[in-house]
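Reading through the structure tokens given below for one structure.
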Amino acid sequence: MTDNSIYNNPLITRYASRAMQENFSDEKRIRLWRKLWIALAESEMELGLNITPEQVAELKAHAEDIDFDAAAKYEHLVRHDVMAHVHAYGDVAPNAKGIIHLGATSCYVNCNSEVIILNDALDLILGKLVNVIDKLRKFALQYKDLPTLGFTHLQPAQLTTVGKRACLWLQDLEMDYANLMDLKSHVKLRGVKGTTGTQASFMELFGGDEEKVKELERRVVAKMGYEKVYGVTGQTYPRKFDYNVLCVLSQIAQSAYKFANDVRILQNMKEIEEPFEKNQIGSSAMAYKRNPMRSERICSLARYVISLPVNSAITSSTQWFERTLDDSANRRIVNAQAFLSVDAILNLYMNVAENLVVYEKVITKHIAAELPFMATENIIMDCVKAGGDRQELHERIRQLSQEAGRNVKVEGKENNLIELIEADETFRAVHGKMSEILDPIKFIGRAPSQVVEFIRNEIDPILTENAALLGQKGDVKV
């Protein structure tokens with residue numbers, strides 16, 4: 001139950017999923033510590049150190065027997081979280097107490113578990129990312145042929161289609177997917193390196209036998225389910241890895257921000273809306289309002305995530321020699337909250353992408369208001385083909401366009417450029433043909449084909465590769 005008398009992190013209470021919260025929990029972290037201690041003790045035993053099968057068995061038997069209260073009391077006494085849990089583990093596995101953490105430094109459990117937690121978090125993000133891609137794919141194909149105004153500088157430009165615009169959102173996510181997968185392909189554990197990364201303590205334990213020390217690391221890493229390990233480290237794994245992680249998360253946030261901003265603008269134009277529930281209230285004062293709160297929340301959380309890589313960059317650049325501890329408190333906050341935020345962003349993104357509402361008649365109305373201006377070049381060319389003077393036509397259509405523009409901007413009337421052209425003998429060659437000339441389909445180029453080709457060639461392979469992850473839905477907690 002939430003204690004409302006103290007500050008509660010809204011990422012936990014309002015936004016992030018249970019799965020992501022559990023991934024960064026103390027329970028998961030300490031379970032990983034104990035798994036690492038077991039892997040170390042068992043591997044040391046296998047390689048000939050004076051550790052018995054009974055001691056390893058006792059560690060395994062009590063791996064889940066975690067007394068957080070006892071650990072907290074030890075930490076208050078010794079001011080060291082790892083040693084506090086060494087003592088708490090030793091209390092429930094007394095026969096193995098003397099060989100827990102043998103030869104290791106705190107970063108053996110800290111760094112290796114942190115890499116695993118970050119990698120597992122990336123897996124959670126991957127699942128949600130491909131589900132957003134899947135939902136946008138369906139939307140893009142559904143509306144690949146629906147013309148809509150394109151905008152450059154937020155001013156009406158040549159037509160595109162609703163589906164083609166969705167492919168711009170999809171392409172951002174495709175790039176994010178590629179970056180995420182590249183990052184995952186380079187994940188490495190810190191391994192078994194000792195206090196300053198030299199493995200000196202393990203060389204002492206194994207009497208200077210380098211091959212056994214190397215084999216120890218191979219076995220421990222394999223027992224944790226990994227293959228790759230950093231060839232050299234100081235006391236910690238390279239903090240540049242954290243920066244790389246934060247950059248991938250930032251890029252996902254950037255993509256979501258772009259999408260959500262576009263939806264907010266489109267909702268203002270009444271062309272496309274995010275979902276709005278039957279009992280949802282848009283404003284406490286203005287009962288008629290349908291605020292795009294999901295998209296606004298995406299932007300709000302994304303802004304926070306985008307700000308975080310610079311923090312991680314500072315941490316990476318200020319590691320003194322083999323390590324300094326001023327990264328610890330910072331990283332506990334930054335890494336977890338970046339993932340919790342992106343988790344929440346993708347939950348919202350899934351929800352919005354799956355439930356976008358398109359108002360086709362409004363889109364058609366907006367096209368009708370602007371297309372006459374965009375069609376002027378086509379009108380000139382048709383008249384020239386019929387024997388007209390291009391320069392004369394251009395000057396006359398410029399004059400008529402300005403008159404129509406005044407009607408729209410000054411008088412607040414509808415765009416009457418087509419009526420003016422139909423009444424002007426200069427353009428008699430196209431009189432009666434304007435509906436054909438103004439068919440929006442003629443102004444969208446290859447947009448529908450681009451949608452089909454892009455999805456077939458670039459999006460579908462991603463979804464095929466990750467088919468087992470599909471089927472998730474976005475949950476809006478509040």
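Just a few scattered comments:
- Contact map, the range 202-213: first residue in contact (Cβ under 8 Å) with a residue 40 or more places away in the chain, second residue surrounded by fewer than 11 Cβ atoms within 10 Å (Cβ to Cβ), Cβ cut-off under 7 Å, separation 6 or more or different chains; the map is empty.
- Of the residues in the range 187-194, not one is in contact with a helix residue (DSSP H, G or I) (Cβ under 8 Å, 6 or more places away or on another chain) and free of Cβ contacts under 8 Å to residues at least 24 places away in the same chain.
- Checking the stated criteria, K60 turns out not to satisfy the condition of being in a helix (DSSP H, G or I), of a type in the set (K, R) and more than 38 Å from the chain's Cα centre (by Cα).
- Enumeration of residues in the range 407-450 that are in contact with a helix residue (DSSP H, G or I) (Cβ under 6 Å, 6 or more places away or on another chain) and small (G, A, S): A429, A447
- Single unsatisfied condition, A222 versus (1) assigned by TED's automatic domain parsing to the domain that holds L346; (2) surrounded by fewer than 15 Cβ atoms within 10 Å (Cβ to Cβ): (1)
- Residue match in the range 176-198 (condition: among the small types (G, A, S), touching a Lys or Arg at 6+ places or on another chain (Cβ under 7 Å) and in a helix (DSSP H, G or I)): no
- Qualifying residue in the range 45-52 (condition: of a type in the set (V, I, T), surrounded by fewer than 22 Cβ atoms within 10 Å (Cβ to Cβ) and out of contact with any Cys (no Cβ under 8 Å at 6 or more places or on another chain)): yes
- Among residues of the range 136-150, those that are of a type outside the set (G, A, S) and not in a loop (DSSP other than H, G, I, E, B), counted: 9
- G103 meets all of the listed conditions (1) touching a helix residue (DSSP H, G or I) at 6+ places or on another chain (Cβ under 8 Å); (2) assigned to a helix (DSSP H, G or I); (3) among the small types (G, A, S) but one, namely (2).
- One residue from N95, N110, N131 being closer than 23 Å to I51 by Cβ, under 35 Å from the mean Cα position of the chain (by Cα) and part of a helix (DSSP H, G or I): N110
- Number of positions in the range 60-98 that are surrounded by fewer than 16 Cβ atoms within 10 Å (Cβ to Cβ), more than 16 Å from E27 (Cα to Cα) and aliphatic (A, V, I, L, M): 3
- Residue within the range 227-239 that is charged (D, E, K, R) and not assigned by TED's automatic domain parsing to the domain that holds A178 present: yes
- Residue match in the range 328-349 (condition: among the hydroxyl-bearing types (S, T, Y) and either at pLDDT 95 or above or on the phi > 0 side of the Ramachandran plot (or both)): yes
- Filtered by the rule that a residue be free of Cβ contacts under 8 Å to residues at least 40 places away in the same chain and either crowded, with 22+ Cβ neighbours inside 10 Å or part of a helix (DSSP H, G or I) (or both), the range 15-26 gives R18, E22.
- Check on A429, aliphatic (A, V, I, L, M), more than 30 Å from G163 (Cβ to Cβ) and in contact with a Cys (Cβ under 6 Å, 6 or more places away or on another chain): yes
The values are calculated or read from the model by the stated rules, or taken from the named source; none is laboratory data. Computed from a predicted structure; not experimentally measured. All Cβ positions, even for glycine, are placed from backbone atoms using ideal geometry, and neighbour counts span all protein chains on display.
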